[in-house]
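Trainee: To start, I am sharing the structure in question, which I have written as structure tokens.
The values are calculated or read from the model by the stated rules, or taken from the named source; none is laboratory data. Quick caveat, the model's predicted, so the values are computed rather than measured. Here Cβ is always computed from backbone atoms with ideal geometry, including for glycine, and neighbour counts include all displayed protein chains. Just so you know, the surface numbers come from the protein's heavy atoms only, side chains and all, with ligands and any DNA or RNA stripped out. Shrake-Rupley method; radii C 1.70, N 1.55, O 1.52, S 1.80 Å.
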Amino acid sequence: MAPTETTTAERFRRFAEVEARGYSPLYDEWCTGVSDDDDILSRLDTLPPHRRQPVLFLGAARFVGVPLGDYSAFRSFVLAEWPSVRAVMESRTTQTNEAGRCAVLLPLLASISAEEGRPLALIEVGASAGACLFPDRYAYAYTPGPVLEPASGSPVPPLECAVSGDAPLPARLPEVIWRAGIDLNPLDARNEDDVRWLEALIWPEHAFRAERLRAALGVVRADPPLLVRGDLNEHIEPLVRRAPRDAVVVVFHSAVLAYLDQAGRNRFAGTMLGLAADRTRPVHWLSHEGHRTLTGVPGAMQPVPGERDGLFVLQHNGRSVARTGPHGQSIAWLPALPSVPIAW
Ligand SMILES: C[S@@+](CC[C@H](N)C(=O)[O-])C[C@H]1O[C@@H](n2cnc3c(N)ncnc32)[C@H](O)[C@@H]1O
């Protein structure tokens, strides 16, 4: 192994200490256990490195039915069921679909629609099952700020979002007249296994997120969006051309760019900046990604020393406008920054 490569044991220990500690005592315990467990590590090491991710392993064990008990029960189950756990790890990817992220997208979606004087045509790249394509069907509780709800009500518990800074919180929900997504592997809200997989990806202590997911997938099932299978760089321009002309097109993504290499991110950013600059038809680009994904990109945020890893950055047409909680639980609007040229 090259000196810079990380062992599977190190990956799991780091995941326990940095990602899970304070958020999921169970995953902290399990991953700490795995990091010292040669029987489990040797099995994980038979998989290619990109398939040894802790989140994929944990989701696969949950999908197969691991009991939510202590580490010794976890390891006994995984060792007994390893062929099934392994098969899930080989065939599935981490595709968490978090409707809560609509709470941090909504202020920009509403202001874009109001400023352009048109309803929205939404395109989400990396849409998973499409739960983020329905910001007009959810209820919101901003603190401090308004409580918003569709006129017909929402089956989804209000998306709660803590606000700081001068966020342009809307007074009403925008109208969406068309919605479409692109994903390498679109999940189907009507398919029981896909729904079970999405549930397995939610951390065990986050019961409210599981409840929200089930309700949001009900919204998707009732009005399935167009989901195009394939790479976002290949499909984005043709899909923009399919959007209705009487709408303002907003292309957005959340927790997706980490899956692309730098060349793929640069290509996508170039395409989006080109579309955003084309005044023959309005297209807006909203990016909601982990700050480390964007580090080094002009307009992106650098981590603040001492700040917990994991904050996301919201950008509009390449300019950072807010720091956010990764599941949409908070939005800290940034002071207006002087315009900087963006050269990806
Ligand atoms: C972590 S999920 C996020 C899903 C959704 N955006 C959300 O916020 O809930 C990332 C999604 O991006 C998709 N994805 C990754 N790389 C992609 C690519 N090159 N083209 C299209 N979709 C991609 C994955 O299949 C996955 O469904």
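Trainee: Filter segment 131-141 down to the residues that are more than 11 Å from the chain's Cα centre (by Cα) and either open to solvent by less than 10 Å² (accessible area, probe 1.4 Å) or within 12 Å of the ligand (Cβ to nearest atom) (or both) and list them by number. Steps first, please.
Mentor: Step one: of segment 131-141, the residues more than 11 Å from the chain's Cα centre (by Cα) are 133-141.
Residues satisfying the conditions are Leu133, Phe134, Pro135, Tyr138, Ala139, Tyr140.
Trainee: Restricting to segment 240-271, and then to whatever is in a helix (DSSP H, G or I) and β-branched (Val, Ile, Thr), can you tell me which residue is surrounded by the most Cβ atoms within 10 Å (Cβ to Cβ)?
Mentor: To start, the set of residues in segment 240-271 that are in a helix (DSSP H, G or I) comprises 240-242, 257-259, 262-271.
Filter once more, keeping what is β-branched (Val, Ile, Thr): 240, 271.
Details: Val240: 19, Thr271: 17.
By that ranking, first place goes to Val240.
Trainee: Has segment 20-27 got any residue that is of a type in the set (A, V, I, L, M, F, W, C) and more than 30 Å from Ser164 (Cα to Cα)?
Mentor: Here is the first cut: in segment 20-27, the ones of a type in the set (A, V, I, L, M, F, W, C) are 20, 26.
Right, trim to more than 30 Å from Ser164 (Cα to Cα) and you get 26.
Yes, because at least one residue in segment 20-27 is of a type in the set (A, V, I, L, M, F, W, C) and more than 30 Å from Ser164 (Cα to Cα).
Trainee: Okay, next question. Only one of these conditions is not met by Ser91: (1) polar (S, T, N, Q); (2) within 24 Å of Val251 (Cα to Cα); (3) within 16 Å of the ligand (Cβ to nearest atom). Which number is it?
Mentor: With (1) polar (S, T, N, Q); (2) within 24 Å of Val251 (Cα to Cα); (3) within 16 Å of the ligand (Cβ to nearest atom) applied to Ser91, the lone miss is (2).
Trainee: I've got another one for you. For residues that are open to solvent by 40 Å² or more (accessible area, probe 1.4 Å), hydroxyl-bearing (Ser, Thr, Tyr) and in contact (Cβ under 8 Å) with a residue 60 or more places away in the chain, tally how many sit in segment 52-96.
Mentor: Selection size over segment 52-96: 2.
Trainee: Then there's this: Specify the residue that is nearest to Ala103 (Cα to Cα); the eligible residues are those in segment 287-309 that are at pLDDT below 70 and among the small types (Gly, Ala, Ser).
Mentor: Looking at residues that are at pLDDT below 70 and among the small types (Gly, Ala, Ser), I get Ala300.
Trainee: Kindly check whether there is at least one residue in segment 176-194 that is assigned to a helix (DSSP H, G or I) and in contact (Cβ under 8 Å) with a residue 24 or more places away in the chain. Step through it out loud before you land on a result.
Mentor: The first filter runs over segment 176-194 and keeps only residues assigned to a helix (DSSP H, G or I), leaving 192-194.
Next, from what is left, pick out any that are in contact (Cβ under 8 Å) with a residue 24 or more places away in the chain: 194.
The answer is yes, given that some residue of segment 176-194 is assigned to a helix (DSSP H, G or I) and in contact (Cβ under 8 Å) with a residue 24 or more places away in the chain.
Trainee: Of everything in segment 183-239, what is open to solvent by less than 30 Å² (accessible area, probe 1.4 Å), touching a helix residue (DSSP H, G or I) at 6+ places or on another chain (Cβ under 8 Å), under 16 Å from Phe252 (Cα atoms) and away from the ligand (no atom under 11 Å from the Cβ)? Give them in sequence order.
Mentor: Across segment 183-239, the qualifying residue is only Pro225.
Trainee: Suppose we keep only residues that are surrounded by 13 or more Cβ atoms within 10 Å (Cβ to Cβ) and touching a Leu at 6+ places or on another chain (Cβ under 8 Å) within segment 150-167. Which one would you say is farthest from Cys132 (Cα to Cα)?
Mentor: The selected residue is Val163.
Trainee: Oh, and also: What are the residues in segment 99-120 that are surrounded by fewer than 23 Cβ atoms within 10 Å (Cβ to Cβ) and not in a helix (DSSP H, G or I), if any?
Mentor: Across segment 99-120, the qualifying residues are Gly117, Arg118, Pro119.
Trainee: Quick one: Val78 ticks every box in (1) part of a helix (DSSP H, G or I); (2) out of contact with any Ser or Thr (no Cβ under 7 Å at 6 or more places or on another chain); (3) within 16 Å of the ligand (Cβ to nearest atom) bar one, so which box is it?
Mentor: Among (1) part of a helix (DSSP H, G or I); (2) out of contact with any Ser or Thr (no Cβ under 7 Å at 6 or more places or on another chain); (3) within 16 Å of the ligand (Cβ to nearest atom), the lone unmet condition for Val78 is (3).
Trainee: On the basis of being surrounded by 13 or more Cβ atoms within 10 Å (Cβ to Cβ) and of a type in the set (S, T, N, Q), does Thr46 make the cut? Please lay out each step first, then the result.
Mentor: Details: surrounded by 13 or more Cβ atoms within 10 Å (Cβ to Cβ): no; of a type in the set (S, T, N, Q): yes.
Here the answer is no, as Thr46 does not meet what is asked.
Trainee: Hey, can you tell me all the residues within segment 240-259 that are touching a residue at least 24 places away in the same chain (Cβ under 8 Å) and more than 21 Å from Leu108 (Cα to Cα)?
Mentor: Taking segment 240-259 first, the residues touching a residue at least 24 places away in the same chain (Cβ under 8 Å) are 240, 242-259.
Matches in segment 240-259: Arg242, Ala258, Tyr259.
Trainee: For segment 219-241, check the following and say yes or no: at least one residue is closer than 23 Å to Thr93 by Cβ, of a type in the set (S, T, N, Q) and modelled with pLDDT under 95.
Mentor: Kept after step one, since they are closer than 23 Å to Thr93 by Cβ, are these residues of segment 219-241: 220-221, 224-236, 239.
Keeping just the survivors that are of a type in the set (S, T, N, Q) gives 233.
With the extra rule that they be modelled with pLDDT under 95, the set shrinks to none.
The answer is no, given that none of the residues of segment 219-241 is closer than 23 Å to Thr93 by Cβ, of a type in the set (S, T, N, Q) and modelled with pLDDT under 95.
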